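Enquirer: Structure below; questions to follow.
Each reported figure results from applying straightforward, stated rules to the coordinates on display, with no laboratory input. Everything numeric here is computed off the predicted structure, so don't read it as measured data. Counting neighbours? That spans all protein chains shown, and the Cβs are built from the backbone with ideal geometry, glycine included.
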Amino acid sequence: MTDSHDKAKKYAFKLLNYRGRSEKELKERLINKGFHKAVASSTVQELKQLGLIDDRSLAETLKREALSRKFLSQHGAIRFLHQRGIPREIIDQVLDSDELVDISNARRLVHKKIKALRNYAPLHVKRRLYGLLARRGYSSGTIRKVLKENTFREEDS
């Protein structure tokens, strides 16, 4: 049992060396690698006690990545954190549903992407931006508000 536990811990260190992982994510990876569920659970608990796995800290990091680098909406950030195995109660603690943050992020994303779409017709630009924002989790109200603020004249788009 200890040999298996040592191998699981070594593999977990290798995974954590690449990037931070949630408890759920790490446990699933260990089980998928062929370790018994009990070994995977005990390894994750040991690493958690050592402070090498911290879902709250990971959630804060992923929140910053989702909102400022990926320009996701609050709803999109919730999906992103959930996909990474962060428990819902931690997600609720870390994210606050602030419409102003959504509008600000949507504006920044539109400003970033509009230059790449300058050769398209204004209606086409609006459709593409609408789809992009919708895929990132923005509500239709937020999308309409941000797109309404932008004029899509021939020289802008």
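Enquirer: What list do you get for L72, L15, L100 if you sort them by fewest beta carbons within 10 Å?
Expert: The most exposed by this proxy come first: L100, L15, L72.
Enquirer: Moving on. Work out from phi, with θ = phi - 60° and the Karplus expression 6.51 cos²θ - 1.76 cosθ + 1.60, the ³J(HN,Hα) of each residue of segment 85-91, listed in order in whole Hz, and give x for Gly and Pro.
Expert: Per residue, the Karplus-derived 3J(HN,Hα) values read x, 6, x, 4, 5, 6, 4 Hz.
Enquirer: OK, next. Over the alpha-carbon set of the chain, work out the extent along each principal axis and list the three values in angstrom, largest first.
Expert: Projected onto the principal axes, the Cα atoms of the chain cover 69, 30, 19 Å.
Enquirer: State whether segment 99-149 is rounded, prolate or oblate according to the following rule on the C-alpha gyration tensor (a ≥ b ≥ c being the square roots of its eigenvalues): a/c under 1.5 gives rounded; otherwise a/b larger than b/c gives prolate, and the remaining case gives oblate.
Expert: Prolate shape, in that a/c is at least 1.5 and a/b is the bigger ratio.
Enquirer: Still on this structure, I have one more. Would you work out if segment 55-94 is rounded, prolate or oblate? Take a ≥ b ≥ c from the square roots of the eigenvalues of the alpha-carbon gyration tensor; rounded if a/c is under 1.5, else prolate when a/b is larger than b/c, oblate otherwise.
Expert: prolate
Enquirer: If you rank I143, I90 by fewest surrounding Cβ atoms within 10 Å, what's the result?
Expert: So the ranking, lowest neighbour count to highest, is I90, I143.
Enquirer: Test of understanding: ordering D6, D96 by Cβ neighbours within 10 Å, fewest first, what list do you get?
Expert: D96, D6
Enquirer: Out of D102, D54, D92, any idea which swings most in a Gaussian network model of the chain, alpha carbons joined below 10 Å?
Expert: D92
Enquirer: Moving on. Compute a Gaussian network model of the chain, connecting alpha carbons closer than 10 Å, and tell me which residue from G76, G131, G51 fluctuates the most.
Expert: Looking only at G76, G131, G51, the biggest GNM fluctuation is shown by G51.
Enquirer: Using each residue's phi in segment 41-57, evaluate 6.51 cos²θ - 1.76 cosθ + 1.60 at θ = phi - 60° and report the 3J(HN,Hα) Karplus result to the nearest Hz, with x for Gly and Pro.
Expert: Coupling constants for segment 41-57: 5, 5, 5, 4, 5, 4, 5, 5, 5, 6, x, 7, 10, 9, 4, 5, 5 Hz.
Enquirer: For every helix of n ≥ 4 consecutive DSSP H residues, a contribution of -39,500 (n - 2.57) applies; sum these over the chain, divide by its total residues, and give [θ] at 222 nm rounded to the nearest 500 deg cm²/dmol.
Expert: -21000 deg cm²/dmol
Enquirer: A follow-up question, please. With the cut-off at 1.5 for a/c, could you classify segment 2-49 from its C-alpha gyration tensor as rounded, prolate or oblate?
Expert: Rounded, because the longest to shortest axis ratio a/c is under 1.5.
Enquirer: A further question follows. If I fit a long axis through the Cα atoms of helix 23-32 and take the longest principal axis of the Cα atoms of the chain, what angle between them do I get, 0 to 90°, rounded to 10?
Expert: Taking the Cα atoms of the chain, the angle to 23-32 is about 70 degrees.
Enquirer: Going by alpha carbons, how many degrees (0 to 90, nearest 10) lie between the helix axis of 2-18 and the longest principal axis of the chain?
Expert: 20
Enquirer: Measure nothing fancy, just the Cα-based angle from helix 99-114's long axis to the longest principal axis of the chain, in degrees from 0 to 90, nearest 10.
Expert: 70
Enquirer: Turning to a different aspect of this structure: Dipole magnitude of the chain about its Cα centre, charges +1 at Lys/Arg Cβ and -1 at Asp/Glu Cβ only, in debye to the nearest 20?
Expert: 740
Enquirer: Hey, if you put +1 on the Cβ of every Lys and Arg and -1 on every Asp and Glu Cβ in the chain, which of V101, Q83, L133 ends up farthest toward the positive end of that dipole?
Expert: The listed residue farthest towards the positive side: L133.
Enquirer: Let me ask you something else. Could you give the size of the charge dipole of segment 99-149 about its Cα centre, using +1 on the Cβ of each K and R and -1 on the Cβ of each D and E, expressed in debye and rounded to the nearest 20?
Expert: 240
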